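Q: Attaching a single structure in structure tokens format; questions to follow.
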Amino acid sequence: MMKKAALLLAAMCSLTACGLGGNYASEVGWREGGKERWNISGDFSSLDECRTAAISEYNSINARNPGQAFSWACLKKNSDGSYASRHR
């Protein structure tokens, strides 16, 4: 009976919904060739971890080309892979 319950739980549980995947993705915006570009990446378990990665990417872009990066944030993920909210 326990094995059957465990299998049922595993079948119902997505990686993100069960806490095995990350809860945040970093988002960085920059200008290149007269256009806005955005990079959304990562699978971070905490907001602090995400902020560190986003700020690092933002600073890296601006170190190569000062003033090119104009935005960074962290996106809170929903269990379906969509994004619920934006955090700084």
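Nothing in this text is a laboratory measurement; each read-out follows from the coordinates by a stated rule. Just so it is clear, the model here is predicted, and its values are computed rather than measured. Note: ideal-geometry Cβ built from the backbone for every residue, glycine included; neighbour counts use all protein chains shown.
Q: Rounded to the nearest 0.05, what FRET efficiency do residue 55 and residue 78 give with R0 = 25 Å and r taken as the Cβ-Cβ distance? Could you check?
A: Here the calculated transfer efficiency is 0.60.
Q: Can you tell me the length gained on complete extension of the stretch residue 62 to residue 87, counting 0.36 nm per residue apart and subtracting the Cα distance? Provide the component values of the computation, followed by the final result.
A: Working: separation 25, 0.36 × 25 = 9.00 nm, distance 2.08 nm.
Length gained, residue 62 through residue 87: 6.9 nm.
Q: Show me 36-49, 70-83 ranked by packing, highest mean number of other Cβ atoms within 10 Å first.
A: Highest to lowest by the protection proxy: 70-83, 36-49.
Q: Regarding segment 16-88, what's the average projected area of the Cα-atom convex hull, expressed in nm²? Please list the in-between numbers first.
A: Working: hull surface 19.1 nm².
Seen from a random direction, the Cα hull of segment 16-88 projects 4.8 nm² on average.
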